[in-house]
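Notes to accompany the following structure.
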Amino acid sequence: MDRDKKKTPPDSDGERKLREFIDAAVQTTEQGTVGRKPKKRCGCLLVFLLSVVIAVLAVATALVVKSYEMRRIGEMMVRSKIGEEGYAMFQSYDRDSDGYLSLAEFEPLLNKLAAPDNVPVDFDSFMQDIDPLQEVLSVETHFQALIPESMTTERGGVFSNKDANLAGLDDWMSPFRSVAGFGVPQFTAFLPEGAVPVGQVYELVRSNLNVFSNTLSSNRYYPPQTVGREVLLHALLSMFHPRPFVHTRFGPQGAAALIRAENEMYVDVVFRIHAEFQLNEPPINPFWFTPAQFTGNLIIKRDSSHIEHFHLYVPSNKSLNVDMEWMNGPMENENMEVDIGYMPQMELTVSSPSSHISVYGENGEVLQEAAPPINDLLNGNVVWNNQITMEDAFSILELHYYSFKKVPYLSFSEAFQRAAAEEKLVHSILLWGSLDDQSCCGSGRTLRETALESTPVITLLEEHFISSWSLVADLEKMKEERTQDHREFTPVAKLASTCLDAYSFPVQMSIMLPNGTVVHSVNANDLLDMGQEQPTISQVFTDPLVSTYVKFLETGLDKAKAFQ
């Protein structure tokens, strides 16, 4: 009969020891109760309950051990199918370590598999591909990491994983590449395809956003493959960090340029680039670092044989210049957090114009001597025949991306002075992040891209208002300003305090008298909610948000009449 019994596999050493421990515990309990008469009934009940608990623990422990064994066997089977490297990749995208890839976890893996060749730029190989007969430009990186104190996020916490999600930011203390060489002809990416007049904007990288898809997924780690002009921009930005995205997740997206000055031999190209970086790698959740803009200029010969000057940088003249968004979980629409901050320096420069480099043969012989650079700009050999100022060039590019800039937005104090002089109202926008750059929350972007850029709103603002936008952080400092004797607050401080009293996160629009009296105010989120209400007959063929903003301005005009 024993031969006919089904053999059971031997227990693992861990399971055997666990069983011996449980059996010993049960035996000890039985020896302490059997053969002795309990003094009280509660003692029997206690022993009974203890026995039940031990039995339950024994079963649960056995299930856990078996589950662990089954999972280990499953892992071994998976590894045998996809290999150790494939299994390691699977684990890195399994962010919650449950052994499965949800759709949210699979999305970034799919993006990675769709562009397997898009690895960080190998600048050494990049240099080897340059034609030795062409001039080379040596580009240098200048980098100062984001100031942590400029962020508003509270770090840490016993049950918080914020520090883990911000790991990429904390580790980014130096550039990916400090110096790199580029072939001069590569910079044709900054030139127009045909002849364009001075001051006319042309696209370097076109936006791929539209009314049907006005944002891209944040649940990604690796940039898509670059083509055309994007290749050079991607390489330049890779000097800061190995994972730049030439196409941002939201607008304004792309890159544009214009000819600022020209003569028969040279052109001065001014450009503006909107790009961002992914600082984390799986299994840490994505962290997006979006500078307000990259701008700069390039002075290059028309035949692309020589470069006199190149400069690319993130403007640092404002108190905040970076937008940050990160995920605290796999679900983008539920687990996103945002913050803003200040980065002192993110810059590419050249110390000298482009020049030929030394070329050596197989035996070490010199085939081409390195020639000293010729600095036509420094020597005064570059005289422009046609030009506009650098300030005008920046303004034209800014207007290209933000049509609401057709209405001038003055500084906070200047707006009230101008309103008093022209007997108009102040249209004040107070923001947590910047309105004219990318470091702005979603509601601010929506306002900018719809209501503020519409013709009816622009017409009203031009006729009846002086407009200004300010950052909360700036007004908080401004409201503390005192007179020279420190006895009283300055008039500007009182205006700032009044404006802050009407503020609520994230964006507040206020209609104010020149003396600072707030006659009408609305929060951006409330305005967006009103814009989603059922439109009237007159609003059917217009954007509801535009109609709502027009009504906001008209109500402010009506309420201001009571103070006249």
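The values are calculated or read from the model by the stated rules, or taken from the named source; none is laboratory data. Quantities reported herein were computed from a predicted structural model and do not represent experimental measurements. Here Cβ is always computed from backbone atoms with ideal geometry, including for glycine, and neighbour counts include all displayed protein chains. For accessibility, only protein heavy atoms count, side chains too; no ligands or nucleic acids. Shrake-Rupley method; radii C 1.70, N 1.55, O 1.52, S 1.80 Å.
Here are a few things to note about the model shown:
- So S207, is it closer than 28 Å to F404 by Cα, assigned to a loop (DSSP other than H, G, I, E, B) and either open to solvent by 50 Å² or more (accessible area, probe 1.4 Å) or free of Cβ contacts under 8 Å to residues at least 60 places away in the same chain (or both): yes
- Members of region 499-527 that are farther than 19 Å from L460 by Cβ and either open to solvent by 20 Å² or more (accessible area, probe 1.4 Å) or more than 25 Å from the chain's Cα centre (by Cα) (or both): C499, L500, D501, A502, Y503, S504, F505, N515, G516, T517, N525, D526
- For S319, the requirement of being within 24 Å of F182 (Cα to Cα), surrounded by fewer than 22 Cβ atoms within 10 Å (Cβ to Cβ) and small (G, A, S) is not met.
- All positions within region 425-453 that are outside any strand (DSSP E or B), buried (at least 19 other Cβ atoms within 10 Å of the Cβ) and modelled with pLDDT of 70 or more: W432, A451, L452
- Within region 284-316, the set of residues being assigned to a loop (DSSP other than H, G, I, E, B) and open to solvent by less than 40 Å² (accessible area, probe 1.4 Å) comprises N285, P286, A292, Q293, S304, H306, V314, P315.
- Complete set of residues in region 255-306 that are farther than 16 Å from N165 by Cα, modelled with pLDDT under 95 and aliphatic (A, V, I, L, M): M265, A292
- Test: residue in region 276-283 that is buried (at least 18 other Cβ atoms within 10 Å of the Cβ), touching a strand residue (DSSP E or B) at 6+ places or on another chain (Cβ under 6 Å) and in a helix (DSSP H, G or I): no
- Per the conditions (1) over 12 Å from I273 (Cα atoms); (2) without any contact (Cβ under 8 Å) to a residue 60 or more places away in the chain; (3) not in a loop (DSSP other than H, G, I, E, B), the sole criterion not satisfied by L237 is (1).
- When the criteria are applied in full, T188 fails the requirement of being β-branched (V, I, T), in a loop (DSSP other than H, G, I, E, B) and either open to solvent by 10 Å² or more (accessible area, probe 1.4 Å) or out of contact with any Lys or Arg (no Cβ under 8 Å at 6 or more places or on another chain) (or both).
- For E135, the conditions (1) buried (at least 17 other Cβ atoms within 10 Å of the Cβ); (2) under 21 Å from Y222 (Cβ atoms) are fulfilled apart from (2).
- All conditions but one from (1) assigned to a helix (DSSP H, G or I); (2) of a type in the set (A, V, I, L, M); (3) modelled with pLDDT under 95 apply to A415; the one that does not is (3).
- Residues (among the β-branched types (V, I, T) and at pLDDT 90 or above) located in region 473-516: T490, V492, T498, I511
- Check on T152, more than 20 Å from L298 (Cβ to Cβ) and either open to solvent by 60 Å² or more (accessible area, probe 1.4 Å) or at pLDDT 95 or above (or both): yes
- Candidate set: region 322-336, residues that are open to solvent by less than 50 Å² (accessible area, probe 1.4 Å) and in a strand (DSSP E or B); chosen: the one nearest to F294 (Cα to Cα): V322
- Region 235-275 - residue that is acidic (D, E) and touching a strand residue (DSSP E or B) at 6+ places or on another chain (Cβ under 8 Å) and, of those, least open to solvent (accessible area, probe 1.4 Å): D268
- Checking each residue in region 215-234 for being part of a loop (DSSP other than H, G, I, E, B) and either open to solvent by less than 30 Å² (accessible area, probe 1.4 Å) or in contact (Cβ under 8 Å) with a residue 60 or more places away in the chain (or both) picks out S217, S218, N219, R220, Y221, Y222, P223, P224, Q225, T226.
- Matching residues, region 381-396, being surrounded by 12 or more Cβ atoms within 10 Å (Cβ to Cβ), free of Cβ contacts under 8 Å to residues at least 60 places away in the same chain and closer than 15 Å to G296 by Cβ: none
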